[in-house]
Amino acid sequence: LRLALVLVLLPCATYGQAVQRQSDEVVNSIAKVKSGDFNVANIEVIAKARAVEAVPALEEQFRRATDVRTKAKIANGLVRLGDKDDIYWNYLLLQATLAVDSDLPDAFSDSNGNAMNQAFSPELIAWAKAHNVTVNAAGLLAVNDLPIKVMLLGQTGDPRAVPLLRRALQSHNSFIVLNAAMGLAQIQDKDSIPLLIDTSRRLPPGLATVVARSLVYFDDPQAQSAVDTYMPKEKATMAREERARGRGVFGW
Amino acid sequence: MKRTQRLWFIGICAIAFLVCVFGGPQRKHVLAQTQTFDDNVFTIYASIDSDSNNNIYVDTFGPTEDVWEVFIDSFEVIGEPEWELSDGESGEGYSLQFGPVPPGNTYSATVNYTVQYFFNGQGGSPDGSDDCGELGECSAYDNPTGYVSIDIPFPPPQISNISPHFDVQGASGTIHVQGKNLQDSSGTLNAYFRDNDISVSVNPGATASNADLSYSISPTALIGAHQLVLQNSGGESEPATFTVNSAPAPPPPADPCAVTSSPQVGFTSIVPTGTASGVGTMAVSFSGPNFSALTPSVTYGPYSTPESIAAHMAALITQNYIQYGLSAKAFGPNIVYNGLTTLGTVTNVATGSSYTTNTSSTAATAAGIACYAAPKAPALTVETTVVAWIDGKAITLPSGASGGLTSTFLPGGPPKPVNILSEIYRNCALQVQELAAGSLGSVSNTAADKAYANAWLLKYSANQDPGPSINPTTFAANPSQYRLFNDYEPSAGSAIGLAGGTPDPCGSPLFVLGDSSSPYLDYSGTSISGYQYHLAEGRVGSDGQAGWATLNGEAIPWIWSLIEFDRNGKLVNYGNKKTVPCDTPTSVNYQIFPTYSVYVTPLGATTGSFLTKINQGTISAFASLPPGQSLVPSCIP
């Protein structure tokens, strides 16, 4: 009986400690935002915890921030916390729109969709030369900076992002396409399911699998059917199991 | 005089004047004495002049017309009665010479004339008062008096020698002048240069044969010859040439041997080569393992002295090669080293037991230096390079990570080469994007997942081992090969610190440049102990910092390498000594992560050889350091 009691209480104690740690993490993050010495992870912690008491501090830091990534991340957090001031949404939308409308080519695929595995695409090289930047810098822009702007918009789950994200599915930058698909799944915009299926259809198999993983998060027969079509069986199973365990398309 | 006679007479005078000016002896002063006698006008002359030896000449002459004669009845020079004209010596065309007379005076002659008028008895004397008798000759007299004077000035100075006849820019001193007629009888002697580069003044005590001049040469004076001129009441001397040479390098410290620590490492002797007269180069070679590659040299010119050559050399060595313990003395024909020998070996090519100043102003015939020395840190002759790199093989992935994470960050790393269109690459890249944006993505909020992600990202963004040798220049040009690059070549006065790049852990050819914002990325200084160092400090770029913060909750510490030389030119290795009172870093020379490889490149070589490696600590230890830990230069012991 004593052993049974221990076995019962131990998980409870562990859970309690986890809750306490999370609480400390949130308090620490809020304090850091207030001090101005914070990072994007602190904002994520606050947003996930729905710690609305941090909104004034975040608004203040948004006003002070000069770095685009930091500013966009603050806007992302404020929108997720329900801040109704359009300035934050508009900032996110503007940045994502700039990314979607960018003429920056895909980093690794040429205009015909052929992969350049260990080399950059000729279009990217030409773009870098025309814009007087290194090819590596252009590549980082294509692989990280612009897609992350689309990611931050989609992570909000705000339906106002749907038009831009649908348009982003047509982007020549494959990472923007993948983030747009994840964003539409986060928003649960079922009207976009056909578009997502069509996107999976036209992409190479590896990329189609990633897009199809977004369809896992729709309780829709058409979507689930497409998952089975475009994802290997074991990966589809794993994705569905993760969703069943509560993992969202962006991990939460 | 009849009109015709008068015109004829004037013509004669005009011819005589031309002769005086263009053909005859130079007549300095001429007296024209005009007399009217019996309605006739007569002009008589007396002249006085001198030659270069200060002899005075007095000449008289008058009209050559037969009927007239001019006699000088008397002549005297004021103040000089011995030169009075004696009776019977008068007459037309008489010349009197006397002298030489002392210069600097005015000499005057008083001339009394007797003018006798002859006529031939045709009607007697002009006024009819005289009876000319049967011979028809009669005469009349007049006795005018004239004065003539001449200045015999003091002659201009003549310079026969000046010493010294050269010096350097910015110098001052005394020029000793020898010559004739330097200071005149009135005490006048001035000195000046024809340009404004050198100011000069005459010191008290000048004589006609010697004078001392104080001079001061402008630091910006033109290199080369300058004209010195003396002047007295008689005029200017011919110029004497005084040469200005370029200023020598600063002399060695007055007492550089005050350092009491062991000064000598590898140094055994200094052997200067001899110098020849005229122009040339003096070179010094060192012996000893740490000095043999040093071959400083200085050029010298015809006005250099052994002292100046050796002093220049000593200064050069002090400046570039020797930091402590230098005691360099110049020696030439008259200079012998007499320095301290307590701290090191002295090898002296000269002999003698006293130290005297070389006073020769002639060209050098020999010069050298002797000193004991401790090498300046640069004199270690090696370029030291520290490459900070992540050793992927030394990182072991922790166990216990979730399946969701290990399916994204594959335990074996991305396939090589990675398929850019594969799901594996895309999932990995999307995960990296999420971490950079502050989201955990597939990383669950557990210590195991976070530790795994930390290790995986570092392991698969590792650098290649730089290997047994590197060319520092070409190596530095490729930042994807290192996380931090530090190169210090003090003997060449060069140092560089560079933040490297982080290769894409997902396997694409991308790499992210490191954070170069540290004020200590490329920082040189002197430590508390007085040692020279170069500090390089950097860290991963903004995406990596965000990812680290997402996984670890805090700012990533800075990494650094510190290259420091002690007074013996030895690389300082503080090991794990903590700085006091700044106790944040656990190691001064290196951060505990990543791996640091040290290379040394001999002077003049291009390839550095591996010296040692400091293995990286654990990621968990690095992650437990204070957030944003940095090495503050003021804390370097």
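Hey, what does the equivalent ellipsoid look like for chain A, semi-axes from the Cα gyration tensor as sqrt of 5 times each eigenvalue, largest first, whole Å?
Working: eigenvalues 225, 143, 59 Å².
Each semi-axis is the square root of five times an eigenvalue, giving 34, 27, 17 Å.
Show me the trypsin sites (Lys or Arg not before Pro) within region A:23-111 that DSSP assigns to loop and that have at most 14 other Cβ atoms within 10 Å of their Cβ.
A:Arg50, A:Lys84
Find the percent of Cα-Cα distances in region B:397-553 that exceed 29 Å, and round it to a whole number.
Percentage above 29 Å: 29.
Could you tell me the center-to-center distance, by alpha carbons, between region A:135-203 and region B:604-637 in angstrom?
41
Measure nothing fancy, just the Cα-based angle from helix A:68-80's long axis to the longest principal axis of chain A, in degrees from 0 to 90, nearest 10.
Roughly 50 degrees between the two axes.
Step by step: find N for region A:78-159, compute 2.2 N^0.38 Å, then divide the Cα radius of gyration by it. What's the final number?
1.31
For a quick check: sort B:Ile390, B:Ile559, B:Ile496 by the number of other beta carbons within 10 angstrom, fewest at the front.
B:Ile496, B:Ile390, B:Ile559
Determine, for A:Glu25, B:Glu537, the number of other Cβ atoms within 10 Å of each Cβ, and report the residues in order from fewest to most.
A:Glu25, B:Glu537
Give me D for region A:36-105 in µm² s⁻¹, whole number, from Stokes-Einstein with Rh from the Kirkwood sum over alpha-carbon pairs, 20 °C and 1.002 mPa s. Working shown, then result.
Details: Rh = 12.4 Å.
The estimated diffusion coefficient comes to 174 µm²/s.
Calculate, axis by axis, the spread of Cα positions in region B:178-219 along the three principal axes, and write the results as whole Å, longest axis first.
Dimensions of region B:178-219 along the principal axes of its Cα atoms: 35, 16, 16 Å.
Starting from the alpha-carbon convex hull of region A:114-211, give the projected area averaged over all orientations, in nm². Mind dumping the intermediate values first?
Working: hull surface 25.5 nm².
It is 6.4 nm².
Under the rule of at least 5 residues apart or a separate chain, name every residue whose amide H is placed under 5 Å from the amide H of B:Ser494.
B:Glu489
Can you list the residues, at least 5 places off or on another chain, whose amide H is less than 5 Å from the amide H of B:Asn105, using H built in the peptide plane?
Amide H neighbours of B:Asn105: B:Ile152.
Fewest Cβ neighbours within 10 Å first, please rank A:Trp127, B:Trp548 accordingly. Please report the intermediate quantities before stating the final value.
Working: A:Trp127 21, B:Trp548 24.
Fewest-to-most ranking of A:Trp127, B:Trp548: A:Trp127, B:Trp548.
Stretched out fully, how many nm does the piece from A:Glu53 to A:Asn90 gain, at 0.36 nm a residue minus the Cα gap? Numbers along the way, then the final one.
Working: separation 37, 0.36 × 37 = 13.32 nm, distance 2.21 nm.
My answer for the length gained is 11.1 nm.
Hey, can you grab everything whose amide H is under 5 Å from the amide H of B:Ala555? Only 5+ residues off in sequence or another chain; H modelled, so Pro and N-termini drop out.
Close amide H contacts, sequence-distant or interchain: B:Gly628.
Could you sort out which of A:Lys48/B:Lys450; A:Lys48/A:Lys190; A:Lys32/A:Lys71 sit more than 21 Å apart by Cα distance in this structure?
Too far apart for the 21 Å limit: A:Lys48/A:Lys190.
So what is the relative contact order of region A:39-163, in percent, for Cα pairs below 8 Å that sit 6 or more residues apart?
Details: 123 pairs, mean separation 29.2, N = 125.
That works out to 23 percent.
Convert 10 °C to kelvin, take the viscosity as 1.306 mPa s, use the Kirkwood radius over C-alpha pairs of region A:160-214 as Rh, and evaluate the Stokes-Einstein diffusion coefficient in µm²/s, rounded to a whole number.
Answer, rounded: 150 µm²/s.
Would you work out the charge dipole size for region A:78-128 about its Cα centre, treating the Cβ of every Lys and Arg as +1 and the Cβ of every Asp and Glu as -1, and quote it to the nearest 20 debye?
180
Throughout, read-outs are computed from the coordinates displayed, never taken from laboratory work. All figures in this text were calculated on a predicted structure; none of them were measured in a lab. We place every Cβ from the backbone using ideal geometry, glycine too, and count neighbours over all the protein chains shown.
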